[in-house]
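Chemist: Got a structure for you, written out below as structure tokens; questions coming shortly.
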Amino acid sequence: MGNLLFIVIGLVLLIVGGNWLLKAAVALSLKLSIPKIVIGMTVVSFATSAPELIVSIKAALDGFPDLALGNVVGSNIANLGLVLGITVLMGSIDVRKSFYTTDWPVMMVASLLFVGFVYFDGVLQQYEGIVMVVFLFLFLVYLLRFQKTAVVDEMPDDDVPLPLYKIALFLGIGGTALWGGSELLIDGAVGMASTFGVSDRIIGITIVSVGTSIPELAASIIAVLKKEKAISLGNLIGSNIFNLLAVLGITSIITPISVMDQGLLSNDIFWMLGISFIILPLVFIPKGLRLGWRDGIILLLFYITFVYLTIK
């Protein structure tokens with residue numbers, strides 16, 4: 001019971017902390033007169049990936065590499081299976097052309113790069129982390145130069161100029177909440193794994209990954225309820241790209257990540273590749289560049305099957 005409480009409080013702190021960090025980061029960018037497009041692609045993406053990043057770094061440093069890897073692989077599967085599935089069940093969404101020209105190919109390359117690095121030796125080395133971060137940097141440079149129209153400001157409500165003391169306060173509180181939340185979440189997750197006799201990987205790929213995907217789910221549902229057609233598949237795909245390249249890239253630069261539970265290599269990474277690939281035909285069939293309720297059911301069934309087989 002105590003472990004579950006740690007997990008819940010940890011997740012709440014991570015979500016609240018990430019939100020405060022996001023507000024502060026956007027306000028600071030506005031103060032420094034950084035163009036909106038740059039904010040959307042860098043600051044906002046990094047801030048919304050902050051829970052995954054903090055949890056993965058902390059888990060890897062504390063000697064729980066499977067939690068770090070399971071968190072990211074599970075988050076990527078949850079973003080497309082659970083979050084996107086629920087979102088399109090609530091209302092169909094139109095997909096932009098940039099999905100198949102840029103977003104999806106980059107997500108597949110990032111996924112295959114990660115799988116290639118980790119599959120053969122079971123370790124994500126520091127130099128491999130550097131390659132992943134450099135690839136992310138090149139992708140961002142490409143977006144800024146050639147894909148400006150593909151980026152839409154999804155959160156105009158956050159673009160509030162704040163006085164400097166408030167920015168500092170939000171940064172301080174947000175950072176502290178993220179750190180405290182990651183401590184509690186990892187303690188609770190590791191405790192729960194030992195109580196139920198399951199591996200860190202199982203807890204990481206189910207409970208922890210769904211928890212760190214809650215911000216994306218909340219943002220998507222709010223957008224659907226507000227009937228904002230601005231929700232794009234690009235958001236979730238962008239989150240997946242950042243999870244792989246930034247979260248795992250930065251974590252492995254700080255400390256190499258070794259796979260302990262072989263289920264990650266024999267099972268989980270293939271589910272991640274599968275759901276990443278399946279998005280492409282779903283977007284085009286039966287109606288081009290659109291995701292509807294039937295696609296939502298397929299994605300949710302995919303996710304439920306994955307969780308069932310993984311726990312079993």
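The values are calculated or read from the model by the stated rules, or taken from the named source; none is laboratory data. Keep in mind that this is a model prediction, so the values were computed, not measured. In this analysis, Cβ positions are derived from the backbone assuming ideal geometry, glycine residues included, and neighbour counts consider all displayed protein chains. Quick note on the areas: whole protein, heavy atoms, side chains included, nothing else; ligands and nucleic acids left out. Shrake-Rupley method; radii C 1.70, N 1.55, O 1.52, S 1.80 Å.
Chemist: Compute the distance in nm between two label points, each set 7 Å from the Cα along the Cα-to-Cβ direction, one at VAL109 and one at THR255.
Modeler: Here the answer is 3.2 nm between the modelled labels.
Chemist: Right, next: What is the chain by shape, rounded, prolate or oblate, if you read a ≥ b ≥ c off the alpha carbon gyration tensor as root eigenvalues and call it rounded for a/c under 1.5, prolate for a/b larger than b/c, and oblate otherwise?
Modeler: Because its axes are fairly even, with a/c under 1.5, the chain counts as rounded.
Chemist: Determine, from the Cβ-Cβ distance of ILE278 and LYS166 and an R0 of 35 Å, the FRET efficiency 1/(1 + (r/R0)^6), rounded to the nearest 0.05.
Modeler: Calculated value: 0.20.
Chemist: Hey, another quick one. How far apart, in nm, are two points set 7 Å out from the Cα along the Cα-to-Cβ line at ILE9 and at LEU309?
Modeler: Taking the two extended label points, one gets 3.8 nm.
Chemist: Taking Cα centroids, how far is segment 279-312 from segment 182-204 in Å?
Modeler: If we compute the Cα centre of each part, the gap is 28 Å.
Chemist: While we're on this one: State the percentage of accessible surface on the chain attributable to carbon and sulfur atoms; use a 1.4 Å probe and exclude ligands, DNA and RNA.
Modeler: Carbon and sulfur atoms account for 72 percent of the accessible area of the chain.
Chemist: Report the per residue volume, in Å³, of the convex hull enclosing the C-alpha atoms of segment 193-312.
Modeler: About 133 Å³ per residue, rounded to a whole number.
Chemist: Moving to a separate point now. Might you tell me the accessible area per residue for the chain, computed with a 1.4 Å probe and given in Å²?
Modeler: Result: 43 Å² per residue.
Chemist: I would also like to ask the following. What is the gain in length, in nm to one decimal, between THR195 and PHE146 on full extension, counting 0.36 nm per residue of separation less the C-alpha to C-alpha distance?
Modeler: Full-extension gain reported as 12.5 nm.
Chemist: Read phi for every residue in segment 138-144 and hand back ³J(HN,Hα) as whole Hz from Karplus 6.51 cos²θ - 1.76 cosθ + 1.60, θ = phi - 60°, with x for Gly and Pro.
Modeler: Running phi through 6.51 cos²θ - 1.76 cosθ + 1.60 with θ = phi - 60° gives 5, 4, 5, 4, 4, 4, 5 Hz.
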